[in-house]
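Structure record follows, encoded as structure tokens.
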Amino acid sequence: MAQLTEEKQRARAVWAAGDYSSIVYKVAEMGTHTVERVGIAEGERVLDIGCGSGNNATIPAAQTGAAVTGLDLTPELLEAARANAAEAGVEIEWIEGDAEQLPFDDESFDVVISTIGIMFAPDHRRAAREAARVLRPGGRLGIASWTPDGSVGRFFVTTAKHMPPPPEGFQPPPLWGTEDHVRGLFEGTGVELRFEDAAVSFKFESAEEATDFYENRFGPVVMAKKALEPDGKWEALREELLEQFKEEIAAAGPDGYPGEYLLTLGTKEG
């Protein structure tokens with residue numbers, strides 16, 4: 001893999017922090033939903049971009065009998081993915097790699113999927129074009145991404161307000177949760193798109209439990225705390241997250257509050 005930019009080295013450190021596997025278990029239905037809607041079949045060649053710890057979509061894809069490759073930028077997540085796959089009893093090829101420079105030949109896969117993975121690549125258009133490049137003619141695409149206006153999108157906005165400004169040209173990851181943006185990304189790639197709105201359910205006993213969970217397990221928040229605490233700025237962010245969770249939980253009731261996402265489905269011409 002080519003030498004990583006400073007921005008991607010930071011991203012790798014962020015996702016290595018915390019306990020991503022436990023986070024994914026909260027949203028595992030997103031992965032199974034993506035696998036079901038894209039219609040993965042036994043024997044198909046499948047690539048999961050930004051596979052994380054594997055327990056979102058990669059393992060469910062392999063359980064169909066498909067030949068699955070999981071790619072992620074973060075070695076620590078791939079280590080967890082190997083353990084999760086072994087526990088699930090499935091064989092998966094794990095590759096450390098960059099969504100913007102996929103280490104595969106053109107038209108290598110029957111299906112390309114990504115659940116809250118490719119959306120975090122800094123250059124959205126380049127990542128989209130790479131996903132289209134490795135997809136064979138007639139192949140299928142399935143990408144699940146948080147929406148900007150949903151609870152997770154608001155969560156990211158809240159966190160970002162307390163952090164240093166992003167680099168010039170930064171594209172917020174939840175833009176992948178808007179149809180117009182995704183259409184623009186894949187324009188000219190030969191991939192015909194359609195979209196579905198969906199949501200997972202986040203269940204916590206209290207706002208305090210939710211705040212503690214993310215503070216100690218979710219890499220971006222773990223790293224935000226590490227950066228802000230020395231200057232006494234962490235408590236302001238924590239209090240704002242706590243208030244947001246209070247509102248979400250109070251409005252949703254016993255079934256949990258929704259985590260809204262956009263499912264992008266596509267078929268490549270040919």
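Things to note:
- Counting the residues of segment 43-64 that are among the hydroxyl-bearing types (Ser, Thr, Tyr) and surrounded by 24 or more Cβ atoms within 10 Å (Cβ to Cβ) gives 2.
- Count - residues of segment 45-72 that are touching a strand residue (DSSP E or B) at 6+ places or on another chain (Cβ under 6 Å) and on the phi < 0 side of the Ramachandran plot: 17
- Restricting segment 137-146 to residues that are crowded, with 17+ Cβ neighbours inside 10 Å and more than 16 Å from the chain's Cα centre (by Cα), the residue that is nearest to Glu260 (Cα to Cα) is Arg140.
- Filter result for Arg82 (of a type outside the set (A, V, I, L, M, F, W, C), within 24 Å of Trp176 (Cα to Cα), assigned to a helix (DSSP H, G or I) and out of contact with any Cys (no Cβ under 8 Å at 6 or more places or on another chain)): no
- Some residue of segment 254-262 being at pLDDT below 95 and in a helix (DSSP H, G or I): no
- Of the residues in segment 28-42, none is β-branched (Val, Ile, Thr), surrounded by fewer than 22 Cβ atoms within 10 Å (Cβ to Cβ) and at pLDDT below 95.
- Scanning segment 61-96 for residues that are within 15 Å of the chain's Cα centre (by Cα) and within 22 Å of Arg133 (Cα to Cα) yields Gly70, Leu71, Asp72, Leu73.
- Pairs with Cβ under 7 Å, 6+ apart, first in segment 107-136 and free of Cβ contacts under 8 Å to residues at least 40 places away in the same chain and over 19 Å from Gly177 (Cβ atoms), second in a helix (DSSP H, G or I) and β-branched (Val, Ile, Thr): none
- Among (1) in contact with a helix residue (DSSP H, G or I) (Cβ under 7 Å, 6 or more places away or on another chain); (2) closer than 30 Å to Gly253 by Cα; (3) assigned to a helix (DSSP H, G or I), the one test that Ala132 misses: (2)
- Of the helices (runs of 4 or more DSSP H) entirely within segment 9-73, those holding at least 3 residues that are under 24 Å from Gly256 (Cα atoms) occupy 20-25, 28-38.
- Looking only at residues in segment 94-115 that are in contact with a Gly (Cβ under 8 Å, 6 or more places away or on another chain) and farther than 23 Å from Pro137 by Cα, the one that is surrounded by the most Cβ atoms within 10 Å (Cβ to Cβ) is Trp94.
- One residue stands out in segment 175-219 among those that are touching a residue at least 40 places away in the same chain (Cβ under 8 Å) and basic (Lys, Arg): the one that is surrounded by the fewest Cβ atoms within 10 Å (Cβ to Cβ), namely Arg194.
To keep it simple, each residue is scored yes or no on (1) out of contact with any Lys or Arg (no Cβ under 8 Å at 6 or more places or on another chain); (2) in contact (Cβ under 8 Å) with a residue 12 or more places away in the chain.
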| site | (1), (2) |
| --- | --- |
| Glu6 | yes, no |
| Gln9 | yes, no |
| Met30 | yes, yes |
| Glu42 | yes, yes |
| Thr64 | yes, yes |
| Leu73 | no, yes |
| Ala80 | yes, yes |
| Ala85 | yes, yes |
| Val90 | yes, yes |
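- Number of the condition not met by Pro166 [criteria: (1) closer than 24 Å to Met223 by Cα; (2) surrounded by 14 or more Cβ atoms within 10 Å (Cβ to Cβ)]: (2)
The values are calculated or read from the model by the stated rules, or taken from the named source; none is laboratory data. Because the structure is a prediction, the values reported are computed rather than measured. A quick note on method: Cβ atoms are made from the backbone with ideal geometry, for glycine too, and the neighbour counts reach across all protein chains shown.
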